[in-house]
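Note sheet for the following structure.
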Amino acid sequence: MIAPSILAADFARLAEAAAAVRGEPGSGADWLHVDVMDAHFVPNLTIGLPVVTSLRAATDLPLDCHLMIDDPDRWAVGYAEAGAHNVTVHVEAAKDPIALAKDLRAAGAKAGLSMKPGTPLEPHLDVLRHYDTLLVMSVEPGFGGQEFMPEVLDKVRTARRLVDTGHLTLLVEIDGGINTETVEAAAEAGVDCFVAGSAVYGADRPDAAVRAMREQIAA
Ligand code: DX5
Ligand code: ZN
């Protein structure tokens with residue numbers, strides 16, 4: 001699966017950015033990744049709930065909301081209620097991530113848990129059993145256009161093994177520095193869903209960029 005990140009799109013034209021990754025049936029984006037940053041958990045500030053509500057009405061692509069915010073225990077369910085398909089919170093920020101996963105699912109969304117590059121997987125396995133997706137950050141969260149950190153692929157391999165052996169049931173997602181150069185190594189390590197911002201919206205044809213990445217994964 002491919003989830004273009006609108007962080008790299010023109011924020012005055014988000015509906016057009018969503019439409020630009022549809023592509024031919026079967027070749028376009030699977031999800032639209034929405035980076036919510038609060039200038040506290042990360043140094044950058046982006047968009048919030050009103051924009052997600054408007055986007056929900058502007059596209060039928062499933063919205064994959066990545067909350068890089070303090071206190072997701074308070075705010076995350078609002079994104080589920082606004083119609084997000086998947087709401088991802090950071091394990092470093094959530095106070096009661098198991099309760100939060102239950103609340104997100106009760107509100108009709110999939111629950112996602114994200115980890116910064118330096119956060120180890122093992123201490124959080126009991127929490128991950130309550131989640132539908134694991135978002136492995138392959139850059140420090142906060143900004144698009146950074147270089148992929150290959151060292152996080154060990155975490156991806158471990159997660160893949162735990163899923164394949166039935167110890168976890170979740171999709172493994174990767175976020176940061178994904179492009180046609182890096183997508184193959186991530187696919188080999190066992191990623192299910194690839195987030196890409198600048199590689200998609202920095203291209204002349206975002207739909208062609210999505211297709212090119214898909215071809216790399218299949219190769
Ligand atoms: C970074 C965000 C990413 C970002 C990725 O904190 O979580 O989703 O959009 O951008 P690229 O693909 O440019 O690294
Ligand atoms: Zn993201």
Scalar couplings 3J(HN,Hα) for the range 74-88 by Karplus 6.51 cos²θ - 1.76 cosθ + 1.60 (θ = phi - 60°), nearest whole Hz, x for Gly and Pro, are 8, 9, 5, 4, x, 6, 5, 5, 6, x, 4, 6, 9, 10, 10
Among Asp175, Asp204, which comes first, second and so on when ranked by fewest other beta-carbon atoms within 10 Å?
Asp204, Asp175
Can you give the helix-only mean residue ellipticity at 222 nm for the chain, where every DSSP H stretch with n ≥ 4 adds -39500 (n - 2.57) and the sum goes over all residues, rounded to the nearest 500 deg cm²/dmol?
-9500 deg cm²/dmol
Can you give the three extents of the C-alpha atoms in the chain along their principal axes, from longest to shortest, in whole Å?
42, 38, 31
Loop only by DSSP, 16 or fewer other Cβ within 10 Å of the Cβ. Give me the GluC sites (Glu not before Pro) in the range 144-219 that pass, ordered by residue number.
Glu147, Glu181
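Taken together, the values in this text are just the output of simple stated rules run on the coordinates, not laboratory data. Given the structure is predicted, the values throughout are model-derived calculations rather than measurements. Methodologically, a virtual Cβ is constructed for each residue, glycine included, from the backbone with ideal geometry; neighbour enumeration extends over all protein chains shown.
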